[in-house]
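The values are calculated or read from the model by the stated rules, or taken from the named source; none is laboratory data. The structure displayed is predicted, hence computed values, not measured ones. As a convention, Cβ positions derive from the backbone with ideal geometry for all residues, glycine included, and neighbour counts pool all protein chains shown. Accessible surface is based on the protein model in full, side chains and every heavy atom, while ligands, DNA and RNA are left aside. Shrake-Rupley method; radii C 1.70, N 1.55, O 1.52, S 1.80 Å.
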Amino acid sequence: MPILEADKLTYTYAPGTPFKHTAVNNISFSVEKGEITGIIGHTGSGKSTLLQLLNGLLKPTSGRVLLDGKDIWEEPKNISAIRFKIGLVFQYPEYQLFEETVKQDIAYGPKNMKLNDEEIEQRIVSAASIVGLKDGLLDKSPFDLSGGEKRRVAIAGIMAMQPEIIVFDEPTAGLDPQGRETVFNAIREYRKQNNATVIIVSHSMEDMASICDKIIVLNDGEAVLHDSVDNVFKNSEFLKSIGLNVPYVTKIMLSLKERGFDVPTDVFTVDNAAKVLLSLIKGGASLD
Amino acid sequence: MISDITFGQYFPAESVIHRLDPRTKFLMLIFIIVLIFLATDFYGMAVVLALCLAVMLLSKIPFKMYFKNLKAILPVLLLTAIINSLYVKEGTVLFDKWIITITSGGIYKAVFMAVRIALLIIISSTLTYTTTPNDLTDAIERLCKPLKYIGLGSAVHMLTMMMTIALRFIPTLIEETQKIMNAQKARGADIENGGLISRVKALVPILIPLIILSVRRAYDLAEAMECRCYNGGVGKQRMKQLKFGSRDAVAVVICFAWAAVIIALRILLG
């Protein structure tokens, strides 16, 4: 049974006014336990709204979100318990930091879960090590940290709640390449340690290709594709037509093919591309 | 919820009221407010009510929007009505027990005051619903132009600039607050439940990030304005010129006619 299911989800902002806008329109999909699912779509395609529907911050206008087969809105009073099971890391999560020390800030979520001090302490240490925060940073003020470090503190704040499903809205927006790599490693590590399910929204096709198992493509509030990474990025023409793209390496492969080289075009990561190109050169082709 | 605050929110529609010069709207708002206070009996109030209803209809804003605003001040309306009905002792006694005495005069006054406050709210929201914040502050700046003859020219400009910025950032702040609230809710913050103290405590994780963001935004905005050579409005040229038209003349004439009716009623019936 899928761990998380969206069943004909629809959400309309400001119904009954001229600002009325249906951001999510009749979306259905399911996510299996342990999968990393990517959600891509151009700006305004409803990604952020969808994420907020998934962890109960927004109540769907119609349709249901099923966690382990149960509607999360079955008992609206228990919705905060749902939010501990489905963690959501917002875009630019560093803006939510407020405590005096990094440690206290990471502890905010676990404290709201009413855990005991020992358990909280242990979770802080574990979350801090997953995101790669050095020990010395824990007692500093979060406002004295660098941008990348703040981001990791905020992510650790959600990870310390140890949700079964963790949802990220553009976790690497505004970070340098090294910062992105650290964040993605943290996501992989968290999944490994907790056998967690991950959902990521990102604009970077390279990142999505390298980390995701499956990808959902949104366009104007509708889910137009939901398939494995390979099958989604095969549709380069379609993706372009809805304002998206394929990873850069795939573009290179496509244009090599256009110039008459016999290369596969289902290459989505740099590592794979290197292998393919190496074997091509060894096979005697010249790439000039 | 926080997004229900509509007071001061522009509501786009194609209407005569929307197209009026903001200066006309601003002055006529003040004029009508004076009229509301001039009407001291139900006949006068009926005449003002008719004018307000006409403005509401002409503005093409759904009545629902006006009622939303009225709902927000319902406690104030009820409170004034209750106090008036309890303390005004005129006319025949309708109810008399213990220390509570309700008279016909009291009821009359209570209803009258409630209608008066409701009209004040409705007519003020007409202005904010049909005028963009920029137009509104523009109008205020123009209307205050004569102040430059007493050396307050740049003060007026700065004040209106501050108002423009404040009004401009209200929706942004609301949006920002919503985002931070959501982020903290995702970490288990419980804002809606609990006693007073726990609710106030729950505000800290929202207010601190919000203040930090606002300060940062203020710095960014100041820098962006300076980059575009903002110098406090000296010698500023306007892209959008305000012009009075025949429409404005008609609006003014109608308002004055109404005022004449109300004053005539007061003299004739008073």
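Accessible surface calculations at 1.4 Å, restricted to protein heavy atoms, place chain A at 46 Å² per residue.
Can you compute the FRET efficiency between residue B:41 and residue A:222 using 1/(1 + (r/R0)^6), with r the Cβ-Cβ distance and R0 = 56 Å? Round to the nearest 0.05. Rounded to the nearest 0.05, the efficiency is 0.40.
What residue among B:21, B:138, B:96 shows peak mean-square fluctuation when chain B is described by a Gaussian network model with Cα springs under 10 Å? In this elastic network of chain B, the residue with the biggest mean-square fluctuation among B:21, B:138, B:96 is B:96.
Between residue A:78 and residue A:192, the distance separating the two model label sites (each 7 Å from Cα on the Cα→Cβ line) works out to 3.4 nm. For the segment B:173-185, counting C-beta atoms of other chains within 10 Å of every residue's C-beta and taking the mean gives 4. Within chain B, the selection of entire DSSP H helices by a Cα span of 30 Å or greater along the long axis and an average Kyte-Doolittle value of at least -0.5 returns B:104-130, B:153-186, B:196-227, B:246-269. Consider all pairwise Cα distances in the range B:88-154 and report the whole-number % of them above 16 Å. Percent of Cα pairs beyond 16 Å in the range B:88-154: 68. Shape summary: the range B:40-123 maps onto an equivalent ellipsoid whose semi-axes, from the alpha-carbon gyration tensor, are 29, 15, 7 Å in decreasing order.
For the range A:247-288, the normalised intensity computed at q = 0.17, 0.31, 0.33 Å⁻¹ comes to -0.38, -1.19, -1.28 (log10 of I(q)/I(0), Debye sum over alpha carbons, equal scatterers, no solvent).
Counting only the heavy atoms of the protein chains, how much of residue A:275 is accessible to a 1.4 Å probe, in Å² to the nearest 10? Spelled out: residue A:275, probe radius 1.4 Å, area about 140 Å². Applying both filters, DSSP loop and at most 13 other Cβ atoms within 10 Å, to the trypsin sites (Lys or Arg not before Pro) of the range B:161-244 gives B:228, B:236, B:238, B:240, B:243. Please report the spacing between the Cα centers of the range B:54-107 and the range A:239-288 in Å, no decimals. A separation of 75 Å, based on Cα centres. Among B:78, B:20, the order of accessible area from largest down is B:78, B:20, computed with a 1.4 Å probe on protein heavy atoms.
For the range B:201-229, heavy-atom accessible area (probe 1.4 Å) falls by no less than 20 Å² from the chain alone to the full protein assembly at B:205, B:208, B:209, B:212, B:213, B:216. Evaluated on the protein assembly as shown, the Kirkwood hydrodynamic radius is 28.4 Å, with distances taken between all distinct Cα atoms. Test of understanding: in a Gaussian network model of chain A with alpha carbons linked when under 10 Å, which of A:35, A:99, A:170 would top the mean-square fluctuation ranking? Result: A:99 has the largest fluctuation of those listed. Among the protein heavy atoms of the range A:1-147, carbon and sulfur supply 48% of the accessible surface, probe 1.4 Å, non-protein parts ignored. All distinct Cα pairs of the range A:88-192 go into the 1/r average, and the inverse of that average, the Kirkwood radius, is 13.4 Å. Taking only Cα atoms of the range A:4-233, what ratio of Rg to Rh do you get with Rh as the Kirkwood inverse-distance radius? Rounded to two decimals, Rg/Rh equals 0.97. Taking all protein chains as shown and a probe of 1.4 angstrom, residue B:156 keeps an accessible surface of around 20 Å².
Among B:202, B:166, B:39, the largest mean-square fluctuation in a Gaussian network model of chain B (Cα springs under 10 Å) belongs to B:202.
Once you wrap a convex hull around the alpha carbon atoms of chain B, what is its projected area averaged over all directions, in nm²? Approximately 20.8 nm², given one-decimal rounding. Comparing each chain alone with all protein chains together (probe 1.4 Å, DNA, RNA and ligands left out), the residues of the range A:42-90 losing at least 50 Å² of accessible area are A:57, A:83, A:90. Close amide H pairs (under 5 Å, H built 1.01 Å from N) link residue A:226 with A:217, residues at least 5 positions away or on another chain.
Simple spin-label estimate for residue B:200 and residue A:20 gives 4.3 nm between the two label positions (7 Å along the Cα-to-Cβ direction from each Cα). Diffusion coefficient of the range B:1-152 by Stokes-Einstein, Kirkwood radius over Cα pairs, 4 °C, 1.567 mPa s: 74 µm²/s. Annotation: residue B:19 carries an accessible surface of approximately 120 Å², with a 1.4 Å probe and no ligand, DNA or RNA atoms counted.
The rule of thumb for compact globular proteins, 2.2 N^0.38 Å, goes into the C-alpha radius of gyration of the range A:38-142 1.27 times. Compared with the alpha-carbon gap, the fully stretched path from residue B:243 to residue B:120 is longer by 41.5 nm at 0.36 nm per residue. Against the criterion of solvent-accessible heavy-atom surface with a 1.4 angstrom probe, A:203, B:18 sort, most first, into A:203, B:18. A crude spin-label estimate for the pair residue B:207 and residue A:13, with each label 7 Å from Cα along the Cβ direction, gives 2.8 nm. Quotient of the Cα radius of gyration of the range B:131-264 and 2.2 N^0.38 Å, N being its number of residues: 1.56.
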